[in-house]
Amino acid sequence: MPASRAARRRDIVLVAAFTLAAFAPWLAKPYHMDEPFFLAIARHILQDPWHPLAFEFNWYGRSAPMAAINNTPPLLGYLLAAAWKLTGGGELAMRLALLPLDLCAAIGLYLLASRFLRRPLWPTLILVAAPAWLINLNHLMAEKLMAAFVFPCLYALVRGVDEGDDRWWWGSAGLACLAMLSKYNAVFIVAPAAAYAWRAGVPPRKIAAWLLLSVSGVALLAAASLLGDGRMFGAAWRVTADSRGFWWHAPSHKTRSLLAFAGGCGLVTAWWPVVVYRPRPWVWAAAAAASGLLFAPALDLGPVVRGVDRWTGALLAFGVLIGFWGLCAGQPRTRGAPLWVSWTAWTLLLQSLYWSVMARFMLFLLPPLVLGMAEALERRWTGRRLRGFYAASLAATLTLSVALSWVDYRYAVGQRQAAGEAARLLQSQGRRVWCSSHWGLQYYVELAGGRELDRAIGGWDAVRPGDVVVVTQAGANIQRPRHPVPARIRRWTLTHPLPLRLISGWTGEGAFYSSVMGFLPFSLSREPLEEFSFIEVL
């Protein structure tokens, strides 16, 4: 723990200031990725608050009931609806309105770290600066709300157990309940909570009562769904079950992605283990052999894998494998080990079962790995040496995250610019404009009066001569015509000077938002960020 309450208050102020400074450059970013999906729920709630999912929405290329395609509890929708009502829906205003959630997550993480570390400030800043945290928690998506409850929940639980204070203990159960109502994936917290309480000697009945209270909100939601049409939980199951027939769910690709994302999303999680755990030669050899075999050409399932991506994945996996060994067996057991090990294991299990590997869920794997290593490191290093190591780690992590955030920001701006170009065609020439992709492009095309291609009304067959269709190269769920379409095509290529790509649409393996696109959270590549085709049907 910090030496005094004054030191802790100072650290909390520094954590908050660092979080604000790190997030500030990206607060005006155009709506991106799945944000328009959640914003659609929020806008509907403003019209019909008692039936948050009772509307049709086209997100996968076909209009469908939102209740059938939404796999997230509606709590975020209500929060976004309130923010939209307050701000009018502008990007900067909305992100500012929900910025307190990021502060809650960061401060909660610091307070949790302070229960186990003498110097909790540096590891907390390193985690906030990590690519998975800095990029994902800036988005108006469910993980933002989930993080704001998860980290304070675990702090409250640890404090309640350590101090025998039932107020913190039962308060943590309430926070766990809210976390699961933010996103079902938050169920991972039951494992570290139960493991820590059990090891501390909390009576089994009290642990069981905590678990029942923590899942009570989701249980009530499930009952309400069953009394209704039952589709709310069906969507969560269906998206995972349907993915099992695709190549990206194969064990080799999933394992590659899990290890590469675990290393790349945190950066220090890929190289700290070698320094902290000082593995024996046989551990080095086993980790090298396993990572080399996993990324061997024989296990490639997608297109041709470039050498740079193969080596990037192997190096990230090598460090993470040593980290897993060190956390479980490489060091004498630390006080936080029951928490870190169960947290890591359960998060990995849920991510391996989920429909794809994504940085926005892997960010919840980073804290147990980093804090577990920091706890082990404090046993050996103190003073200037430890501060220097932390400072260098923070500088490296923040440099990478800022670079990736800049690339991601440019990608989001490009989506809005492409929609603006389509709107110019729509407004000046009286043409209908269609979008064949989704994410931010769909939002801004529809905002300008265009429409998403909808297979329910014919898809490309509904496009008439003179209409313009905007098609992307690197996006997801892209609709392409089933037969040749006579057209005049203009292309606009979006580039960026930094050779980093979170989304690869050509030869790289960058797949920060979903391993459907590759096995790396980011790729070293100079390929375009995106290519927009404006297809004028003749």
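Read-outs: derived from the displayed coordinates by stated rules, not from any lab. This is a predicted model, so every value here is computed, not measured. We place every Cβ from the backbone using ideal geometry, glycine too, and count neighbours over all the protein chains shown.
How large is the dipole of the chain about the Cα centre if only Lys and Arg carry +1 and Asp and Glu carry -1, each at its Cβ, rounded to the nearest 20 debye? Each step should come with its number before you reach the end.
Working: 51 positive and 30 negative charges, 265 e Å.
Approximately 1280 debye in magnitude.
Taking the C-alpha atoms of region 267-392, how large are the radius of gyration and the largest Cα-Cα span, Dmax, in Å?
My reading of the Cα-based Rg and Dmax gives 15.7, 49 Å.
Kirkwood Rh, region 429-498, all Cα pairs: how many Å?
13.1
May I ask for the net charge around F519, where only other residues with Cβ less than 14 Å from the Cβ of F519 are counted and Lys, Arg are +1 while Asp, Glu are -1?
+2
Dipole of the chain (Lys/Arg Cβ +1, Asp/Glu Cβ -1, origin at the Cα centre): which of L125, V218, C153 lies farthest to the positive side?
The one lying farthest along the dipole's positive direction is L125.
So for region 18-99, Kirkwood radius off the Cα pairs, Stokes-Einstein at 25 °C and 0.890 mPa s: how many µm² s⁻¹?
181
I need T495, T397 ordered by Cβ neighbour count within 10 Å, fewest first.
Values: T495 12, T397 24.
By the 10 Å Cβ count, ascending: T495, T397.
Among S182, F318, N138, whose Cα sits farthest toward the positive end of the charge dipole of the chain (+1 at Cβ of Lys/Arg, -1 at Cβ of Asp/Glu, about the Cα centre)?
Value computed over the given set: F318.
Put +1 on the Cβ of each Lys and Arg and -1 on the Cβ of each Asp and Glu in the chain; which of G201, G266, H249 then has its Cα farthest toward the positive end of the dipole?
The one lying farthest along the dipole's positive direction is G201.
Can you compute the helix-only [θ] at 222 nm over the chain? Use -39500 (n - 2.57) per DSSP H run of at least 4 residues, normalise by all residues, nearest 500 deg cm²/dmol.
The helix contribution divided over the chain gives -19000 deg cm²/dmol.
Which distance in nm do the two modelled labels at L86 and R335 give, with both placed 7 Å along the Cα-to-Cβ direction?
Roughly 3.7 nm, to one decimal.
Cα-Cα pairs above 19 Å in region 406-537: how many percent?
48
Quick check on the exposure proxy: order S63, S172 from fewest to most C-beta atoms within 10 angstrom.
Listing S63, S172 from fewest to most nearby Cβ atoms yields S63, S172.
Limiting things to C-alpha atoms, what are the Rg and the maximum Cα-Cα separation (Dmax) for region 1-155, in angstroms?
Computed over the Cα atoms of region 1-155, radius of gyration and Dmax are 17.5, 58 Å.
Which of the peptides 443-451, 461-469 is most tightly packed, and how do the rest follow, going by the mean number of other Cβ atoms within 10 Å of each residue? Write out the running numbers ahead of the final one.
Working: 443-451: 19.6, 461-469: 16.1.
Going by the mean number of other Cβ atoms within 10 Å, highest first, we get 443-451, 461-469.
Ranking C104, C153 by Cβ neighbours within 10 Å, fewest first, what do you get?
Going from sparsest to densest Cβ surroundings: C104, C153.
Report the charge-dipole magnitude of region 406-537 in Debye, nearest 20, computed about the Cα centre from +1 at each Lys and Arg Cβ and -1 at each Asp and Glu Cβ.
Charge dipole, region 406-537, about its Cα centre: 320 debye, nearest 20.
Does region 79-167 come out rounded, prolate or oblate by the C-alpha gyration tensor, with a ≥ b ≥ c the root eigenvalues, rounded set by a/c under 1.5 and, if not, prolate when a/b is larger than b/c and oblate if not?
Details: a/c = 3.31, a/b = 1.73, b/c = 1.92.
In terms of gyration-tensor shape, oblate.
Past 31 Å, Cα to Cα, is the threshold; run K183/K254; K85/K254; K85/K206 against it and keep the listed order.
Values: K183/K254 22 Å; K85/K254 41 Å; K85/K206 41 Å.
In this structure, K85/K254; K85/K206 exceed 31 Å between Cα atoms.
Using 0.36 nm per residue of separation minus the Cα-Cα distance, give me the extension gain between T382 and V13 in nm, one decimal.
130.5 nm
Over the chain, one equal point on each Cα, no solvent: what is log10 I(q)/I(0) by the Debye formula at q = 0.07, 0.08 Å⁻¹?
-0.40, -0.52
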